[in-house]
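Taking it in order: structure first as structure tokens, then the write-up.
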Amino acid sequence: MNEPSGEPAASVAAPLVDLSAVLIPLLKGVTYRADDAAHWSALLQLQGRVREHSGVLGLELMLDEAEGYAFLRSRPVPDDDINPKLPRLVARRPLSFPVSLLLALLRKKLAEFDAAGGDTRLILSREQVAELLRVFLPEGSNEARLIDQVDTHLNRIIDLGFVRRLRGQENSFEVQRILKAFVDAQWLSEFDARLAAYRAQLEGRGPTHEE
């Protein structure tokens, strides 16, 4: 029988978290805590290194632990920066007026939902989304055409990551809380003024919005 060596037994090493496994999904889109708790934990563990590496690419990590989401966005560059500007890795995509309007309405709905307390998930039916837009359409608008348009706009917003279709429920949608990061409180405080601009847009005036 071997005699004990008197040395403490080696502790089991904690599993190493691969930085690339955390960073690559962020380069592709939004990371949500609800999708994978282990992945989210790894992101929190490595967020310092993620900020360092993404900064080299001209990006900054936007992480909201309370809401449970994280994403990368282009880091603002001062106008007087004499260094050559890096190519934009996170592209700005032009949004149509109806998509911009629907994003604003969903953001306002989310604020009202939060103020009411209770559930943390805002889930809307297709009909409820259509109702949000209906008040901005001319009287006598074709109902079937409205629903078709709602589907088109919702699909675009789903592609942008602001809304998620519930699994197995084709006509139910969850508003993603990351929308709060793109349509902030200051923007929302000017909502009435923006709606006036949107009504002007309905008459054929107003600029194109960008994400």
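Rule-based calculations on the coordinates, nothing more; no lab input. Keep in mind that this is a model prediction, so the values were computed, not measured. Counting neighbours? That spans all protein chains shown, and the Cβs are built from the backbone with ideal geometry, glycine included.
Highest average first, the peptides 113-123, 24-34 ordered by how many other beta carbon atoms sit within 10 Å of their residues are 24-34, 113-123.
Extension gain for residue 182 to residue 44 (0.36 nm times residue separation, less C-alpha to C-alpha distance): 47.5 nm. Between residue 151 and residue 56, the FRET efficiency estimated from the beta carbon spacing at R0 = 45 angstrom works out to 0.65.
Under the simplified labelling scheme, the residue 108-residue 171 pair shows an inter-label distance of 2.5 nm, with each label point 7 Å from Cα along Cα→Cβ. In terms of packing, defined here as the mean over residues of other Cβ atoms within 10 angstrom, the peptides 127-134, 101-108 line up highest first as 101-108, 127-134.
You can think of it this way: the chain between residue 37 and residue 119 has 27.5 nm of extra reach, that is 0.36 nm per residue less the Cα-Cα gap.
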